[in-house]
Amino acid sequence: MKTCFKCLQSLPLEAFYKHSAMGDGRLGKCKECTKSDVKKHRLENLERIRAYDKMRGSIPHRVAARKEYAKTEAGRAAHRKALKVSKERFPERAAARYKVSNAIRDGRLKRLPCLVCGDTAEAHHPDYSRPLDVMWLCQPHHKETHALVELEPS
């Protein structure tokens with residue numbers, strides 16, 4: 001048993017994270033208090049942490065590791081699961097994508113180059129209620145557009 005210095009509860013050792021620098025090999029704060037502190041810190045420093053996460057994710061060995069993982073069966077399964085969750089969470093987006101795909105296949109809609117740079121483009125829906133009213137943007141410009149939309153106040 002060990003007492004958490006934060007909540008002052010006496011808990012079993014398994015309720016504390018391992019920490020080799022501590023005398024008993026466990027952190028002095030219980031897991032629940034540690035989790036709440038981490039959550040609070042993240043909320044208070046969200047912009048700085050997001051910038052750090054973005055920088056860290058663009059390190060070449062991490063990019064390469066993600067690409068390798070995507071080739072594995074576990075990576076493909078994770079991708080399928082994410083697509084399923086996305087379809088369930090945003091059914092109007094999935095329906096719009098299907099309608100665009102079918103319209104391109106049937107010749108009712110023609111894929112155009114990116115409006116910004118002229119590169120190969122994908123469909124961007126400014127309004128999902130009008131599924132065939134799309135802007136053609138390359139992947140980088142499409143991501144920029146969505147980033148700008150997220151920054152706009154509601």
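The values are calculated or read from the model by the stated rules, or taken from the named source; none is laboratory data. In this text the structure is predicted, and so the values were computed from the model without any measurement. Ideal geometry is used to build each Cβ from the backbone, glycine not excepted, and the neighbour counts take in all protein chains shown. Heavy atoms of the whole protein, side chains included, go into the accessibility calculation; ligands, DNA and RNA do not. Shrake-Rupley method; radii C 1.70, N 1.55, O 1.52, S 1.80 Å.
Basic side chains Lys and Arg get +1 at the Cβ, acidic Asp and Glu get -1 at the Cβ, and with that the dipole of the stretch 96-154 about its Cα centre reaches some 380 debye.
For the stretch 22-80, the calculated P(r), taken from all Cα-Cα distances in 10 Å bins from zero up to the bin holding the longest distance, is 18, 23, 30, 26, 2 percent. About its Cα centre, the dipole of the stretch 8-154 is roughly 500 debye, where the only charges are +1 on Lys and Arg Cβ and -1 on Asp and Glu Cβ.
For Lys2, nonlocal amide neighbours, meaning residues 5 or more places apart or on other chains whose placed amide H falls under 5 Å from its own, are Leu11, Leu13. Checking every one of the trypsin sites (Lys or Arg not before Pro) in the stretch 109-145 against DSSP loop status and a limit of 11 other Cβ atoms within 10 Å picks out Lys110.
So if R0 is 30 Å, what FRET efficiency would Ala77 and His146 give, r being the distance between their Cβ atoms, rounded to the nearest 0.05?
With R0 = 30 Å, the Cβ-Cβ based efficiency is 0.70.
What the pair-distance distribution of the chain shows, using all Cα-Cα distances binned every 5 Å from zero, is 2, 7, 8, 11, 12, 15, 13, 8, 7, 5, 5, 4, 2, 1, 0 percent.
Ordering Ser101, Gln9, Thr120 by Cα displacement along the dipole of the chain toward the positive end leaves Gln9 in first place; charges were set at the Cβ atoms of Lys, Arg (+1) and Asp, Glu (-1).
Which pairs, out of Lys54/Lys87; Lys81/Lys110; Lys18/Lys81; Lys6/Lys40; Lys40/Lys84, put more than 21 Å between their alpha-carbon atoms? Cα-Cα > 21 Å for Lys54/Lys87; Lys81/Lys110; Lys18/Lys81; Lys40/Lys84; rest within.
The shape of the stretch 61-104 comes out prolate: with a ≥ b ≥ c from the C-alpha gyration tensor, a/c is at least 1.5 and a/b beats b/c. Accessible surface computed residue by residue for the chain, with neighbouring protein chains in place and a 1.4 Å probe, gives 78 Å² per residue. Close amide H pairs (under 5 Å, H built 1.01 Å from N) link Cys138 with Cys114, Leu115, Val116, Cys117, Glu122, residues at least 5 positions away or on another chain. Extension gain for Thr120 to Tyr69 (0.36 nm times residue separation, less C-alpha to C-alpha distance): 15.8 nm.
Overall form of the stretch 82-150: oblate. Here a/c, set by the Cα gyration tensor axes a ≥ b ≥ c, is 1.5 or more, and a/b is not larger than b/c. Where the accessible area of the chain is counted over protein heavy atoms with a 1.4 Å probe, how much of it, in %, is carbon and sulfur? Carbon-and-sulfur percentage of accessible area, whole number: 58. Per residue, the convex hull spanned by the Cα atoms of the stretch 40-117 measures out at 203 cubic angstrom.
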